[in-house]
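Have a look at the structure below, then the notes.
The values are calculated or read from the model by the stated rules, or taken from the named source; none is laboratory data. Quick caveat: nothing in here was measured; it's all calculated off a predicted structure. Backbone-built Cβ (ideal geometry, glycine too); neighbour counts: all protein chains shown.
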Amino acid sequence: MADFVQTLMTALAIGSLYALIALGYTMVYGILKFINFAHSDIVVLGSWISYSLAIKILPVLGLNPHNPETPPPLWVGAVVLLLSMVICGLIGFVIERLAYKPLRRAARLNVLITAIGVSLLLQNVGQLTFVFGSSPQKMPSLIQDRELIRLAFSSGENAQVVVVGLVDVMIFVTSAVLMLVLEYLVFRTKLGTAMRAVSYNPDSASLMGVPVDRVVSFTFVLGSALAAAAGFLFVLKYPTVQQPAHFIWVLLGLKAFVAAVIGGIGNVRGAVLGGFVIAFVEQFGAFYISPNYKDVYVFALLIMILLVRPTGLLGSPLQEKV
Amino acid sequence: MTNSASKPTAASPVLPQITDHSRIGIFQGLWPFAIGIILAALMYAILPNAIGQYYSRIVIDIGIAMIMAVSLNIVNGLTGQFSIGHAGFMTLGGYAAGMITYYGSLLLWDSQAKHGGFLGAGDWMFVASCLVGGLVAAAAGYLVGLPSLRLRGDYLAIVTLGFGEILRVVLQNTGKVLEDSAALRSAKWSQLIPPPVGGALGFDAIPKYTNLFWVYVFLTFTVVIAYRLKQSSLGRAMISVREDEIASQAMGVNVARYKVLAFVLAAFFAGIAGGLFAHESGLNISPNDAGFQRSFDYVIMTVLGGRGSITGVMLAAMILTALPEVLRDFEQYRLIVFALLLIIMMLVRPQGLFGIKEIWQIWPGTGRRTAS
């Protein structure tokens, strides 16, 4: 029982990260109908920018940037998070304007290939020595991880203990807040209505006076900001910031994309659902079957869902028009 | 021999002309293979002495990259699907071929070293192992192609990507290589499943049979078969799938069948390339080769060369393989340049350097377009 609860806690924390990243994939797909392969690289940027900001801010407060003796005040974490979200939002905006906007009318395959190009570009520019470099760094701990809740399970003679850490709770709460804000934006505001209109049919939306270009830009900014938040939360939990082309990033992005597809790509709530489904399959599979194959479970689930329900759990069936 | 093509317009792509197969004699059908084999033999005899071992290896790398690019071109170029897991087929074929030569050598000759000289017994076992590697990869290609019955476009791309990643993880969890024939003969079943191919560190100790001759013989077969495929009615059906799936279905083309066929063919050649790769000296095939990064390299080659143009992707494969060797000092910037090339190409010339045309169809005055 204790193991089960512990795995559940990890799955919830990781699932909210997947969900945050999946939201960016799903929003871009919903509006422009292409897989934004460069999205996972925005996550990488988010974590590297968080790292760079953290080691700049900590000395100002008189703390050792690489290994602060006393935990910095909580607002430092919040500032780093917000700044990296803003910076990544801007980068997302620029990428969309330069690389994707000229291809608005091009074949989808071409946009997909461009996205791969952008992804390779971000990875390799990030690896340059004067940008982030190609060696891993250690993120200073902005939040002291401590025991928040202690649950005791008595199974037989010896009681087992589950510890709920502060970082896991922070990840879950921050993601939940961001997702609620997004939910409000998409379903309750005029801009969100415009986004859904463009996703439904860009041509009619533009005839109805929806500024399509601005909506697309806004979508990219929003998705990139969420990706940056995910990047920040990821290095909060796993403090080793790997080099930008490292395959843990790519796997993170891939799994988030799988989450978006499983939930029904283009569907905002589906992405959140998919994120948690993926995390549960991964974590419980790793715990109860074998940790060596945890990536296999995710992709096997993807292929099975695609074969049974090609449009995902919450996606609407695709209508083919000639 | 060929009908003169109708004048191409900007809107419609130039379809290759259909060759009338009934009028090709046995000699006519075989001469490209003969020329290729002779050229390969000449390269094998002359090049290592003329340009040295280091550059010969680059020429081998180019040959393997060309096989990969030309085979991927069948799926991505002719049939218009988007496979981004092509390196997975290559790695699968490489592991299968490596297992055959390594464990075969142990069983037959009690030693993992190369057996026999040029065209000796070991050499033939190597060739057979490459073909088996191709067949194993083709079977995987069938499985990966099957979802294309239900999926299209981006979703299919994700399935191919998932295939490569699954293969990578599975290969990482394989057992240790059995060192000698005694260990192999006394191995229990539990040691053979999963196959003992070295786990995460890769399958070293594969006898290094690959040489210029075999790479370019296999390249000849790949290119001639791919070219004839493109010229045949089969190829035309594939191109029609690429241009418009619904329209070609309405014309009676079995879309799913051609997609699966394209996957199987491409995977077969990729498996052969994997066999050559696994036996190349100085290389060590490892699970990471199945990952998406290597797959992207081949995707870039097909995109830059022109989706559908065999000579175009060969040229791109040659340039993109040789360039990093020339620009060793700028290693950091290599992929930045590739990425920018990819982005700029999509902005200014999305059909690639040559589009669907071959090189001789581009250069005026050397055209075979009016050969009839």
Please verify whether B:GLY235 is of a type in the set (Gly, Ala, Ser) and within 30 Å of A:LEU254 (Cβ to Cβ), treating the condition exactly as stated. no
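Yes/no per residue for (1) at pLDDT below 85; (2) assigned to a helix (DSSP H, G or I); (3) surrounded by 14 or more Cβ atoms within 10 Å (Cβ to Cβ); (4) aliphatic (A, V, I, L, M):
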position: A:ASN67; (1), (2), (3), (4): yes, no, no, no
position: A:GLY89; (1), (2), (3), (4): no, yes, yes, no
position: A:ILE95; (1), (2), (3), (4): no, yes, yes, yes
position: A:LEU98; (1), (2), (3), (4): no, yes, no, yes
position: A:VAL118; (1), (2), (3), (4): no, yes, yes, yes
position: A:GLN144; (1), (2), (3), (4): yes, no, no, no
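Given the options B:ALA182, B:ALA200, name the one that is aliphatic (A, V, I, L, M), more than 9 Å from chain A (Cβ to nearest Cβ) and touching a residue at least 60 places away in the same chain (Cβ under 8 Å).
Working: B:ALA182 fails: touching a residue at least 60 places away in the same chain (Cβ under 8 Å).
Matching residue, one of B:ALA182, B:ALA200: B:ALA200.
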Residues located in region A:1-57, provided they are assigned to a loop (DSSP other than H, G, I, E, B) and away from every other protein chain (no Cβ under 14 Å): A:MET1
Just name the residue that is farthest from the other protein chains (Cβ to nearest Cβ) out of those in region B:274-291 that are in contact (Cβ under 8 Å) with a residue 24 or more places away in the chain and surrounded by fewer than 24 Cβ atoms within 10 Å (Cβ to Cβ). B:SER281
Would you kindly identify the helices (runs of 4 or more DSSP H) lying entirely within region B:64-174 that contain at least 1 residues that are within 12 Å of another protein chain (Cβ to nearest Cβ), of a type in the set (A, V, I, L, M) and under 18 Å from B:ARG294 (Cβ atoms)? B:121-145, B:154-172
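Is region B:300-310 home to any residue that is crowded, with 24+ Cβ neighbours inside 10 Å and more than 29 Å from A:LEU98 (Cα to Cα)?
Start the filter on region B:300-310 by keeping residues that are crowded, with 24+ Cβ neighbours inside 10 Å, which leaves B:300-310.
Subsequent filtering for residues that are more than 29 Å from A:LEU98 (Cα to Cα) retains B:310.
Yes: region B:300-310 contains one or more residues that are crowded, with 24+ Cβ neighbours inside 10 Å and more than 29 Å from A:LEU98 (Cα to Cα).
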Checking the conditions here, which among A:SER40, A:SER50, A:SER16 is hydroxyl-bearing (Ser, Thr, Tyr) and farther than 21 Å from A:VAL261 by Cβ? A:SER50
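The rows are residues; the columns are (1) touching a residue at least 60 places away in the same chain (Cβ under 8 Å); (2) touching a helix residue (DSSP H, G or I) at 6+ places or on another chain (Cβ under 9 Å); (3) of a type outside the set (Ser, Thr, Tyr); (4) over 29 Å from B:GLY308 (Cα atoms).
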site	(1), (2), (3), (4)
B:GLY164	yes, yes, yes, no
B:VAL169	yes, yes, yes, yes
B:GLN172	yes, yes, yes, yes
B:PRO195	yes, yes, yes, yes
B:LEU219	yes, yes, yes, no
B:SER240	no, yes, no, no
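So which of B:VAL217, B:VAL197 ends up being closer than 30 Å to B:GLN53 by Cβ and modelled with pLDDT of 90 or more?
Only one candidate passes the filter, namely B:VAL217.
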State which residue pairs qualify: first residue farther than 18 Å from A:ILE262 by Cα and at the interface with chain B (Cβ under 8 Å from one of its Cβ atoms) and inside region A:278-300, second residue buried (at least 17 other Cβ atoms within 10 Å of the Cβ) and at pLDDT below 90 in any location, beta carbons under 8 Å apart, and separation of 6 or more residues or different chains. A:ASN292/B:VAL169; A:ASN292/B:GLN172; A:TYR293/B:VAL169; A:TYR293/B:VAL170
Matching residues, region B:89-144, being of a type in the set (A, V, I, L, M), closer than 15 Å to B:PHE203 by Cα and crowded, with 24+ Cβ neighbours inside 10 Å: B:MET90, B:LEU92, B:ALA96, B:ALA97
Quick test of your reading of the structure: B:ILE60 fulfils all but one of (1) closer than 13 Å to B:TRP214 by Cβ; (2) without any contact (Cβ under 8 Å) to a residue 60 or more places away in the chain. Name the failing condition by number. (2)
Out of everything in region A:228-252 that is closer than 20 Å to A:SER135 by Cα and under 13 Å from the mean Cα position of the chain (by Cα), what residue ends up being farthest from the other protein chains (Cβ to nearest Cβ)? A:PHE232
Of all residues in region A:127-142 being of a type outside the set (A, V, I, L, M, F, W, C) and facing chain B (nearest Cβ under 10 Å), the one that is surrounded by the most Cβ atoms within 10 Å (Cβ to Cβ): A:GLN127
Which listed residue is surrounded by fewer than 24 Cβ atoms within 10 Å (Cβ to Cβ) and at pLDDT 85 or above, from B:THR370, B:THR366, B:THR321: B:THR321
What about A:PHE153, is it in contact with a strand residue (DSSP E or B) (Cβ under 9 Å, 6 or more places away or on another chain) and within 14 Å of chain B (Cβ to nearest Cβ)? no
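Could you say which residue among B:TYR298, B:TYR258 is in contact with a Leu (Cβ under 7 Å, 6 or more places away or on another chain), hydroxyl-bearing (Ser, Thr, Tyr) and on the phi < 0 side of the Ramachandran plot?
None of the other options fit; the residue is B:TYR298.
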A:ALA227 being more than 21 Å from A:MET85 (Cα to Cα) and either touching a helix residue (DSSP H, G or I) at 6+ places or on another chain (Cβ under 7 Å) or buried (at least 20 other Cβ atoms within 10 Å of the Cβ) (or both): no
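May I ask you to say which residue of B:ARG334, B:ARG328, B:ARG294, B:ARG349 is within 13 Å of the chain's Cα centre (by Cα) and surrounded by fewer than 23 Cβ atoms within 10 Å (Cβ to Cβ)? Walk me through it before giving the result.
Details: B:ARG334 fails: within 13 Å of the chain's Cα centre (by Cα); B:ARG328 fails: within 13 Å of the chain's Cα centre (by Cα); B:ARG349 fails: within 13 Å of the chain's Cα centre (by Cα).
Step by step, each of B:ARG334, B:ARG328, B:ARG294, B:ARG349 is checked, and only B:ARG294 is within 13 Å of the chain's Cα centre (by Cα) and surrounded by fewer than 23 Cβ atoms within 10 Å (Cβ to Cβ).
In region B:172-184, is there at least one residue being hydroxyl-bearing (Ser, Thr, Tyr) and in contact with an Asp or Glu (Cβ under 8 Å, 6 or more places away or on another chain)?
Looking for residues that are hydroxyl-bearing (Ser, Thr, Tyr) and in contact with an Asp or Glu (Cβ under 8 Å, 6 or more places away or on another chain), one finds at least one in region B:172-184, hence yes.
Considering A:LEU120, A:LEU103, A:LEU98, A:LEU61, which residue is at the interface with another protein chain (Cβ under 9 Å from one of its Cβ atoms) and in contact with a Pro (Cβ under 9 Å, 6 or more places away or on another chain)? Break it down into steps so the answer makes sense when it comes.
Values: A:LEU120 fails: in contact with a Pro (Cβ under 9 Å, 6 or more places away or on another chain); A:LEU98 fails: in contact with a Pro (Cβ under 9 Å, 6 or more places away or on another chain); A:LEU61 fails: at the interface with another protein chain (Cβ under 9 Å from one of its Cβ atoms).
The match here is A:LEU103.
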Which of the numbered conditions does A:PHE220 fail, given that it passes all the others? Conditions: (1) out of contact with any Phe, Trp or Tyr (no Cβ under 9 Å at 6 or more places or on another chain); (2) of a type in the set (Phe, Trp, Tyr); (3) surrounded by 24 or more Cβ atoms within 10 Å (Cβ to Cβ). (1)
All but one of (1) within 13 Å of another protein chain (Cβ to nearest Cβ); (2) more than 30 Å from B:SER233 (Cα to Cα) hold for B:ARG307; which doesn't? (2)
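Check whether at least one residue in region B:90-110 is aliphatic (A, V, I, L, M) and within 13 Å of the chain's Cα centre (by Cα), and report yes or no. Spell out the reasoning first.
Of the residues in region B:90-110, the ones aliphatic (A, V, I, L, M) are B:90, B:92, B:96-97, B:99-100, B:106-108.
Add one more test, that the residue is within 13 Å of the chain's Cα centre (by Cα), and what stays is B:90, B:92.
Among the residues of region B:90-110, at least one is aliphatic (A, V, I, L, M) and within 13 Å of the chain's Cα centre (by Cα), which makes the answer yes.
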